[in-house]
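First up is the structure itself, then whatever we jot down about it.
The values are calculated or read from the model by the stated rules, or taken from the named source; none is laboratory data. Computed from a predicted model, the values in this text were never measured in an experiment. Cβ placement follows ideal geometry from the backbone for every residue including glycine, while neighbour counts extend to all protein chains displayed. The accessibility values were calculated without ligands, DNA or RNA, using every heavy atom of the protein model including side chains. Shrake-Rupley method; radii C 1.70, N 1.55, O 1.52, S 1.80 Å.
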Amino acid sequence: MSENAGTIPASLPLRNDLIGEEPYGAPQLDVPVCLNVNENPYAPRQDVVDSIARRVAEIAPTLNRYPDREHVELREAFVRYLERESGAKLSVDNVWGANGSNEIMLQLFMAFGGPGRTALSADPTYSMYPEYARDTFTGWQLAHRNADFTIDMAALKEQIATIRPAMVILTSPNNPTGTPLDMAELRDILEFCETVDVANAGEGVHPVVVIDEAYIEFRDPGTPSAVTLIGDHDHLAVSRTMSKAFAFAGARVGYVAASPGIVDCMRIVRMPYHLSAVTQAAALAAFDHTDEQLAEVDHLRRTREETADWLRKQTYAGQPLEVAPSQSNFLLFGGHFDKRDEIFAEMLSRGVLIRVVGPAGWLRVCMGTDDEMARFREALVESMRAVES
Ligand SMILES: Cc1ncc(COP(=O)(O)O)c(C=O)c1O
(Lines give C-alpha, C1' and ligand atoms only; values in the text may rest on other atoms or scores of the structure.)
Protein backbone atom coordinates (compact mmCIF):
# COMPACT_ATOMS: atom_id res chain seq x y z
CA MET A 1 0.00 0.00 0.00
CA SER A 2 1.25 3.50 -0.78
CA GLU A 3 2.24 5.51 2.27
CA ASN A 4 -0.03 8.29 1.09
CA ALA A 5 -3.08 6.19 0.33
CA GLY A 6 -5.21 8.15 2.84
CA THR A 7 -6.16 11.74 2.20
CA ILE A 8 -5.89 14.26 5.01
CA PRO A 9 -9.27 15.88 5.70
CA ALA A 10 -9.18 19.67 5.35
CA SER A 11 -10.97 19.82 8.71
CA LEU A 12 -7.84 18.65 10.52
CA PRO A 13 -5.81 21.50 11.98
CA LEU A 14 -2.56 20.37 10.34
CA ARG A 15 0.10 23.07 10.71
CA ASN A 16 -0.22 25.52 7.81
CA ASP A 17 3.36 24.93 6.72
CA LEU A 18 2.77 21.16 6.54
CA ILE A 19 -0.29 21.31 4.28
CA GLY A 20 0.53 19.52 1.03
CA GLU A 21 3.68 17.91 2.46
CA GLU A 22 4.39 14.22 1.87
CA PRO A 23 6.00 11.80 4.33
CA TYR A 24 9.70 11.37 3.53
CA GLY A 25 11.05 8.01 2.53
CA ALA A 26 12.39 5.92 -0.31
CA PRO A 27 9.81 3.48 -1.69
CA GLN A 28 9.68 0.23 0.33
CA LEU A 29 8.94 -2.20 -2.49
CA ASP A 30 8.94 -5.94 -2.43
CA VAL A 31 11.49 -6.56 -5.18
CA PRO A 32 14.25 -9.16 -5.44
CA VAL A 33 17.19 -6.71 -5.39
CA CYS A 34 16.93 -3.68 -3.08
CA LEU A 35 19.86 -1.32 -3.59
CA ASN A 36 18.14 1.95 -2.73
CA VAL A 37 18.64 2.79 0.96
CA ASN A 38 22.33 2.12 1.57
CA GLU A 39 21.88 -0.81 3.94
CA ASN A 40 24.46 -3.52 4.56
CA PRO A 41 23.08 -6.44 2.50
CA TYR A 42 24.56 -9.11 4.78
CA ALA A 43 22.19 -10.33 7.51
CA PRO A 44 23.44 -10.92 11.07
CA ARG A 45 24.97 -14.37 11.53
CA GLN A 46 23.16 -16.99 13.58
CA ASP A 47 25.39 -16.59 16.68
CA VAL A 48 24.66 -12.84 16.65
CA VAL A 49 20.94 -13.52 16.27
CA ASP A 50 21.14 -15.93 19.23
CA SER A 51 22.96 -13.36 21.39
CA ILE A 52 20.38 -10.68 20.59
CA ALA A 53 17.54 -13.07 21.44
CA ARG A 54 19.28 -14.02 24.73
CA ARG A 55 19.89 -10.40 25.78
CA VAL A 56 16.32 -9.40 24.96
CA ALA A 57 14.99 -12.43 26.85
CA GLU A 58 17.10 -11.39 29.87
CA ILE A 59 15.55 -7.94 30.09
CA ALA A 60 12.01 -9.00 29.09
CA PRO A 61 10.96 -9.66 32.72
CA THR A 62 11.82 -6.02 33.53
CA LEU A 63 9.71 -4.52 30.75
CA ASN A 64 7.14 -3.29 33.29
CA ARG A 65 9.79 -0.72 34.26
CA TYR A 66 11.12 2.18 32.22
CA PRO A 67 14.58 1.67 30.71
CA ASP A 68 17.76 3.46 31.81
CA ARG A 69 17.05 6.81 30.19
CA GLU A 70 20.75 7.67 30.30
CA HIS A 71 21.55 4.31 28.60
CA VAL A 72 24.93 4.29 30.33
CA GLU A 73 25.91 0.73 29.46
CA LEU A 74 25.22 1.38 25.79
CA ARG A 75 27.12 4.66 25.91
CA GLU A 76 30.09 2.74 27.34
CA ALA A 77 29.82 0.45 24.32
CA PHE A 78 29.80 3.48 21.96
CA VAL A 79 32.97 4.76 23.64
CA ARG A 80 34.74 1.40 23.27
CA TYR A 81 33.64 1.11 19.65
CA LEU A 82 34.81 4.63 18.73
CA GLU A 83 38.21 3.97 20.28
CA ARG A 84 38.55 0.72 18.37
CA GLU A 85 37.19 2.16 15.12
CA SER A 86 38.82 5.61 15.06
CA GLY A 87 41.32 5.69 17.92
CA ALA A 88 39.31 8.41 19.69
CA LYS A 89 39.60 8.47 23.48
CA LEU A 90 36.22 9.61 24.77
CA SER A 91 34.18 9.16 27.93
CA VAL A 92 30.50 8.39 28.52
CA ASP A 93 29.83 12.14 28.83
CA ASN A 94 30.98 12.54 25.21
CA VAL A 95 28.42 10.20 23.66
CA TRP A 96 24.67 9.95 23.40
CA GLY A 97 22.39 7.47 21.63
CA ALA A 98 18.99 7.66 19.97
CA ASN A 99 16.66 5.79 17.64
CA GLY A 100 18.83 6.04 14.55
CA SER A 101 21.02 8.97 13.65
CA ASN A 102 17.82 10.49 12.25
CA GLU A 103 16.74 11.06 15.85
CA ILE A 104 20.19 12.31 16.79
CA MET A 105 19.90 14.94 14.04
CA LEU A 106 16.40 15.91 15.11
CA GLN A 107 17.61 16.37 18.69
CA LEU A 108 20.45 18.58 17.44
CA PHE A 109 17.95 20.70 15.50
CA MET A 110 15.63 20.87 18.52
CA ALA A 111 18.49 21.96 20.75
CA PHE A 112 20.26 24.45 18.46
CA GLY A 113 17.71 25.37 15.77
CA GLY A 114 14.30 26.94 16.15
CA PRO A 115 12.66 30.20 15.11
CA GLY A 116 15.19 32.82 14.05
CA ARG A 117 17.98 30.26 13.76
CA THR A 118 19.42 28.80 10.56
CA ALA A 119 21.18 25.58 9.64
CA LEU A 120 23.61 25.62 6.72
CA SER A 121 24.73 22.63 4.68
CA ALA A 122 26.45 21.96 1.35
CA ASP A 123 24.38 20.49 -1.45
CA PRO A 124 23.88 18.03 -2.99
CA THR A 125 23.48 16.24 0.33
CA TYR A 126 21.16 14.09 2.44
CA SER A 127 17.57 15.03 1.72
CA MET A 128 16.28 14.53 5.29
CA TYR A 129 18.06 17.61 6.68
CA PRO A 130 15.54 20.15 5.33
CA GLU A 131 12.78 18.09 6.96
CA TYR A 132 14.39 18.38 10.39
CA ALA A 133 14.68 22.11 9.73
CA ARG A 134 11.03 22.38 8.74
CA ASP A 135 9.87 20.37 11.77
CA THR A 136 11.81 22.57 14.18
CA PHE A 137 11.04 25.93 12.46
CA THR A 138 14.72 26.33 11.65
CA GLY A 139 15.83 28.24 8.55
CA TRP A 140 17.59 26.09 5.94
CA GLN A 141 20.36 27.32 3.65
CA LEU A 142 22.82 25.67 1.27
CA ALA A 143 26.31 26.44 0.00
CA HIS A 144 26.73 24.61 -3.30
CA ARG A 145 29.52 22.05 -3.62
CA ASN A 146 32.12 22.14 -6.40
CA ALA A 147 31.42 20.27 -9.66
CA ASP A 148 33.38 17.29 -8.29
CA PHE A 149 31.17 17.39 -5.13
CA THR A 150 33.97 18.52 -2.81
CA ILE A 151 33.22 21.46 -0.51
CA ASP A 152 33.58 24.90 -2.07
CA MET A 153 35.42 26.31 0.94
CA ALA A 154 35.22 29.94 -0.17
CA ALA A 155 31.45 29.72 -0.79
CA LEU A 156 30.86 27.88 2.50
CA LYS A 157 32.84 30.37 4.58
CA GLU A 158 31.14 33.30 2.89
CA GLN A 159 27.75 31.79 3.71
CA ILE A 160 28.78 31.12 7.31
CA ALA A 161 29.91 34.74 7.70
CA THR A 162 26.73 36.11 6.08
CA ILE A 163 24.07 33.81 7.53
CA ARG A 164 25.70 33.28 10.93
CA PRO A 165 24.02 29.85 11.25
CA ALA A 166 23.47 28.03 14.53
CA MET A 167 24.48 24.78 12.84
CA VAL A 168 26.78 23.90 9.95
CA ILE A 169 25.97 20.37 8.80
CA LEU A 170 28.39 18.47 6.60
CA THR A 171 28.12 14.82 5.66
CA SER A 172 31.26 12.72 5.37
CA PRO A 173 31.23 10.63 3.30
CA ASN A 174 28.47 12.65 1.73
CA ASN A 175 25.16 11.14 0.68
CA PRO A 176 24.38 10.85 -2.25
CA THR A 177 27.84 11.54 -3.70
CA GLY A 178 30.14 9.45 -1.44
CA THR A 179 32.58 12.38 -1.16
CA PRO A 180 34.72 12.49 2.01
CA LEU A 181 35.40 15.75 3.86
CA ASP A 182 39.07 16.59 4.02
CA MET A 183 40.29 16.83 7.65
CA ALA A 184 42.33 19.98 7.01
CA GLU A 185 39.19 21.60 5.60
CA LEU A 186 37.18 20.47 8.59
CA ARG A 187 39.73 22.03 10.96
CA ASP A 188 39.58 25.22 8.92
CA ILE A 189 35.74 25.29 9.13
CA LEU A 190 35.83 24.61 12.89
CA GLU A 191 38.32 27.42 13.48
CA PHE A 192 36.38 29.79 11.24
CA CYS A 193 33.11 29.05 13.07
CA GLU A 194 34.82 29.90 16.36
CA THR A 195 35.12 33.49 15.06
CA VAL A 196 31.46 33.80 14.00
CA ASP A 197 28.58 34.90 16.26
CA VAL A 198 25.28 33.06 15.65
CA ALA A 199 22.39 35.24 14.44
CA ASN A 200 19.65 35.69 17.03
CA ALA A 201 21.81 34.44 19.87
CA GLY A 202 23.87 36.19 22.52
CA GLU A 203 27.34 37.61 21.90
CA GLY A 204 30.10 35.03 21.87
CA VAL A 205 27.68 32.25 20.80
CA HIS A 206 29.29 30.28 17.96
CA PRO A 207 27.87 27.73 15.49
CA VAL A 208 27.86 24.01 16.18
CA VAL A 209 29.54 22.06 13.40
CA VAL A 210 27.76 18.75 12.84
CA ILE A 211 29.55 16.09 10.84
CA ASP A 212 27.27 13.26 9.78
CA GLU A 213 29.48 10.19 9.57
CA ALA A 214 26.73 7.66 8.84
CA TYR A 215 28.96 5.87 6.30
CA ILE A 216 32.40 6.53 7.78
CA GLU A 217 33.37 2.88 8.29
CA PHE A 218 33.49 2.48 4.49
CA ARG A 219 36.27 5.08 4.09
CA ASP A 220 39.75 4.01 3.02
CA PRO A 221 41.53 2.39 5.99
CA GLY A 222 43.81 4.85 7.76
CA THR A 223 41.70 7.93 6.97
CA PRO A 224 40.96 9.83 10.20
CA SER A 225 37.43 10.41 11.49
CA ALA A 226 36.11 13.73 12.80
CA VAL A 227 35.63 12.09 16.22
CA THR A 228 39.39 12.46 16.75
CA LEU A 229 38.90 16.27 16.87
CA ILE A 230 36.30 16.31 19.61
CA GLY A 231 38.77 16.93 22.41
CA ASP A 232 39.96 20.11 20.64
CA HIS A 233 36.60 21.53 19.58
CA ASP A 234 33.69 21.95 21.99
CA HIS A 235 31.36 22.93 19.12
CA LEU A 236 31.88 19.78 17.09
CA ALA A 237 29.20 17.05 17.03
CA VAL A 238 29.82 13.87 15.04
CA SER A 239 26.79 11.79 14.24
CA ARG A 240 27.21 8.04 13.78
CA THR A 241 24.91 5.10 13.20
CA MET A 242 24.75 1.33 13.56
CA SER A 243 22.47 1.22 10.47
CA LYS A 244 25.05 1.06 7.71
CA ALA A 245 28.41 -0.70 8.02
CA PHE A 246 27.30 -2.22 11.34
CA ALA A 247 24.40 -3.99 9.58
CA PHE A 248 21.81 -3.02 12.20
CA ALA A 249 19.39 -0.68 10.38
CA GLY A 250 16.30 -2.48 11.65
CA ALA A 251 17.25 -1.94 15.30
CA ARG A 252 17.31 1.87 14.91
CA VAL A 253 20.42 2.88 16.83
CA GLY A 254 22.37 6.05 16.13
CA TYR A 255 24.66 8.07 18.36
CA VAL A 256 26.59 11.28 18.58
CA ALA A 257 30.09 11.99 19.82
CA ALA A 258 30.58 15.54 21.07
CA SER A 259 31.61 17.67 24.02
CA PRO A 260 29.71 17.04 27.27
CA GLY A 261 28.10 20.47 26.79
CA ILE A 262 26.53 19.48 23.47
CA VAL A 263 25.37 16.17 24.94
CA ASP A 264 23.72 18.05 27.83
CA CYS A 265 21.91 20.32 25.35
CA MET A 266 20.54 17.22 23.61
CA ARG A 267 19.45 15.72 26.93
CA ILE A 268 17.19 18.75 27.42
CA VAL A 269 15.16 18.04 24.28
CA ARG A 270 15.10 14.23 24.23
CA MET A 271 11.85 12.41 24.94
CA PRO A 272 11.90 10.72 28.34
CA TYR A 273 13.05 7.09 27.98
CA HIS A 274 13.46 7.54 24.23
CA LEU A 275 15.66 4.46 23.84
CA SER A 276 13.69 1.32 24.74
CA ALA A 277 15.14 -1.43 26.92
CA VAL A 278 14.72 -3.80 23.97
CA THR A 279 16.74 -1.49 21.71
CA GLN A 280 19.46 -1.09 24.31
CA ALA A 281 19.69 -4.85 24.88
CA ALA A 282 19.82 -5.62 21.16
CA ALA A 283 22.51 -2.98 20.54
CA LEU A 284 24.65 -4.28 23.42
CA ALA A 285 24.40 -7.79 22.03
CA ALA A 286 25.41 -6.55 18.57
CA PHE A 287 28.43 -4.72 20.03
CA ASP A 288 29.48 -8.03 21.65
CA HIS A 289 29.83 -9.23 18.04
CA THR A 290 31.48 -6.19 16.51
CA ASP A 291 33.88 -8.29 14.40
CA GLU A 292 31.06 -10.34 12.92
CA GLN A 293 28.86 -7.28 12.29
CA LEU A 294 31.67 -5.52 10.41
CA ALA A 295 32.92 -8.68 8.68
CA GLU A 296 31.72 -7.71 5.20
CA VAL A 297 32.85 -4.07 5.21
CA ASP A 298 36.13 -4.81 3.40
CA HIS A 299 34.29 -6.89 0.87
CA LEU A 300 31.71 -4.13 0.30
CA ARG A 301 34.53 -1.63 -0.16
CA ARG A 302 36.05 -3.90 -2.82
CA THR A 303 32.62 -4.33 -4.42
CA ARG A 304 32.35 -0.54 -4.60
CA GLU A 305 35.71 -0.23 -6.34
CA GLU A 306 34.95 -3.06 -8.79
CA THR A 307 31.51 -1.65 -9.52
CA ALA A 308 32.94 1.84 -10.08
CA ASP A 309 35.51 0.41 -12.54
CA TRP A 310 32.80 -1.52 -14.33
CA LEU A 311 30.46 1.49 -14.50
CA ARG A 312 33.18 3.69 -15.99
CA LYS A 313 33.50 1.20 -18.84
CA GLN A 314 29.78 1.38 -19.70
CA THR A 315 28.35 3.90 -22.13
CA TYR A 316 25.07 5.74 -22.43
CA ALA A 317 24.20 7.83 -25.47
CA GLY A 318 27.67 7.16 -26.81
CA GLN A 319 29.53 8.50 -23.77
CA PRO A 320 31.16 6.64 -20.88
CA LEU A 321 29.32 6.83 -17.55
CA GLU A 322 30.72 9.12 -14.91
CA VAL A 323 31.15 7.81 -11.36
CA ALA A 324 31.63 10.12 -8.39
CA PRO A 325 34.65 8.92 -6.32
CA SER A 326 33.06 7.35 -3.24
CA GLN A 327 34.29 6.45 0.23
CA SER A 328 30.92 4.99 1.09
CA ASN A 329 28.88 1.86 0.32
CA PHE A 330 27.11 3.48 -2.62
CA LEU A 331 27.97 5.08 -5.94
CA LEU A 332 26.48 8.07 -7.72
CA PHE A 333 26.81 7.34 -11.40
CA GLY A 334 25.73 8.44 -14.85
CA GLY A 335 26.23 12.17 -14.99
CA HIS A 336 24.48 12.49 -18.33
CA PHE A 337 21.34 10.37 -17.99
CA ASP A 338 18.80 12.51 -19.81
CA LYS A 339 16.07 10.00 -18.86
CA ARG A 340 17.05 8.84 -15.40
CA ASP A 341 13.45 8.21 -14.30
CA GLU A 342 12.96 5.92 -17.28
CA ILE A 343 16.20 4.03 -16.53
CA PHE A 344 15.09 3.68 -12.89
CA ALA A 345 11.69 2.31 -14.04
CA GLU A 346 13.31 -0.12 -16.47
CA MET A 347 15.57 -1.41 -13.70
CA LEU A 348 12.61 -1.79 -11.37
CA SER A 349 10.73 -3.78 -13.99
CA ARG A 350 13.76 -6.13 -13.94
CA GLY A 351 13.52 -6.48 -10.14
CA VAL A 352 16.35 -4.09 -9.25
CA LEU A 353 15.51 -1.08 -7.07
CA ILE A 354 17.99 1.80 -7.11
CA ARG A 355 17.45 5.47 -6.27
CA VAL A 356 16.70 8.59 -8.27
CA VAL A 357 18.50 11.16 -6.13
CA GLY A 358 21.12 13.87 -6.46
CA PRO A 359 21.65 16.29 -9.32
CA ALA A 360 19.85 15.78 -12.63
CA GLY A 361 21.54 13.16 -14.78
CA TRP A 362 22.70 10.91 -11.94
CA LEU A 363 21.43 7.76 -10.23
CA ARG A 364 22.58 6.12 -7.00
CA VAL A 365 23.14 2.46 -6.25
CA CYS A 366 24.24 0.93 -2.97
CA MET A 367 26.45 -2.13 -2.80
CA GLY A 368 24.66 -5.45 -2.49
CA THR A 369 25.83 -9.05 -2.34
CA ASP A 370 27.81 -10.42 -5.27
CA ASP A 371 24.67 -11.96 -6.76
CA GLU A 372 22.73 -8.73 -6.36
CA MET A 373 25.49 -6.75 -8.06
CA ALA A 374 25.54 -9.20 -10.97
CA ARG A 375 21.80 -8.63 -11.38
CA PHE A 376 22.34 -4.87 -11.11
CA ARG A 377 24.92 -4.91 -13.90
CA GLU A 378 22.75 -7.01 -16.18
CA ALA A 379 19.66 -4.87 -15.51
CA LEU A 380 21.53 -1.60 -16.00
CA VAL A 381 22.92 -2.57 -19.40
CA GLU A 382 19.49 -3.73 -20.56
CA SER A 383 17.75 -0.67 -19.11
CA MET A 384 20.12 1.82 -20.72
CA ARG A 385 19.71 0.08 -24.09
CA ALA A 386 15.90 0.05 -23.69
CA VAL A 387 15.81 3.78 -22.92
CA GLU A 388 18.28 4.80 -25.63
CA SER A 389 16.42 3.06 -28.46
C1 LIG B 1 23.80 10.77 5.55
C2 LIG B 1 22.82 10.00 6.36
N3 LIG B 1 22.66 10.31 7.65
C4 LIG B 1 21.80 9.65 8.42
C5 LIG B 1 21.02 8.63 7.92
C6 LIG B 1 20.03 7.97 8.82
O7 LIG B 1 20.48 6.80 9.33
P8 LIG B 1 19.83 6.11 10.61
O9 LIG B 1 19.36 4.78 10.13
O10 LIG B 1 20.93 6.04 11.60
O11 LIG B 1 18.70 6.97 11.10
C12 LIG B 1 21.15 8.26 6.58
C13 LIG B 1 20.31 7.18 6.04
O14 LIG B 1 20.29 6.85 4.90
C15 LIG B 1 22.07 8.98 5.78
O16 LIG B 1 22.21 8.69 4.49
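For the reader, a short list of remarks on this structure follows.
- Size of electric dipole in the chain: Cβ of Lys, Arg +1 and of Asp, Glu -1, about Cα centre, debye, nearest 20: 460
- Under 5 Å, built H, 5+ apart or other chain: amide partners of ILE169: LEU120, SER121, VAL210
- Most to least packed among 103-112, 51-60, 71-80 [average Cβ atoms within 10 Å]: 103-112, 71-80, 51-60
- Distant-in-sequence amide H partners of TRP140 (H built 1.01 Å from N, under 5 Å): ALA119
- Taking the average, over residues, of other Cβ atoms within 10 Å as the packing measure, peptides 176-186, 244-254 rank 244-254, 176-186 from highest down.
- Placing +1 on the Cβ of every Lys and Arg and -1 on the Cβ of every Asp and Glu, with no other charges, gives the range 75-115 a dipole of roughly 80 debye about its Cα centre.
- Value of [θ]222 nm, deg cm²/dmol, for the chain, DSSP H segments ≥ 4, -39500 (n - 2.57) each, nearest 500: -11500 deg cm²/dmol
- Surrounding net charge for ARG69, when Lys and Arg each add one and Asp and Glu each subtract one, Cβ distance under 13 Å: +1
- Mean-position separation - Cα centroids, the range 235-250 and the range 74-94, in angstrom: 13
- Under 5 Å, built H, 5+ apart or other chain: amide partners of ASP152: ASN146
- Distance in nm between pseudo-label sites at TRP310 and ALA43 (7 Å out along the Cβ direction from Cα): 2.3
- Computed over protein heavy atoms with a 1.4 Å probe, the carbon and sulfur contribution to the accessible area of the range 187-281 reaches 52%.
- For the range 147-219 versus the range 289-319, the gap between their alpha-carbon centres in whole angstrom: 28
- Neighbourhood charge, 13 Å Cβ-Cβ cut-off, centred on GLY100 and excluding it, Lys, Arg +1 and Asp, Glu -1: 0
- Vicinal HN-Hα couplings computed from phi for the range 217-225 (Karplus, 6.51 cos²θ - 1.76 cosθ + 1.60; Hz; Gly/Pro x): 5, 8, 5, 4, x, x, 6, x, 9
- The simple Förster model, with R0 at 41 Å and r as the Cβ-Cβ distance, assigns ASP30 and MET153 a FRET efficiency of 0.40.
- Whole-Hz couplings from phi, Karplus 6.51/-1.76/1.60, listed for the range 270-285; x for Gly and Pro: 5, 6, x, 6, 5, 10, 5, 4, 5, 4, 4, 5, 5, 5, 4, 5
- Ranked by the mean number of other Cβ atoms within 10 Å per residue, highest first, peptides 125-138, 189-202 order as 125-138, 189-202.
- Here the Karplus relation 6.51 cos²θ - 1.76 cosθ + 1.60, evaluated at θ = phi - 60°, turns the backbone of the range 129-138 into coupling constants of 3, x, 6, 4, 5, 4, 5, 10, 6, 9 Hz, with x for every Gly and Pro.
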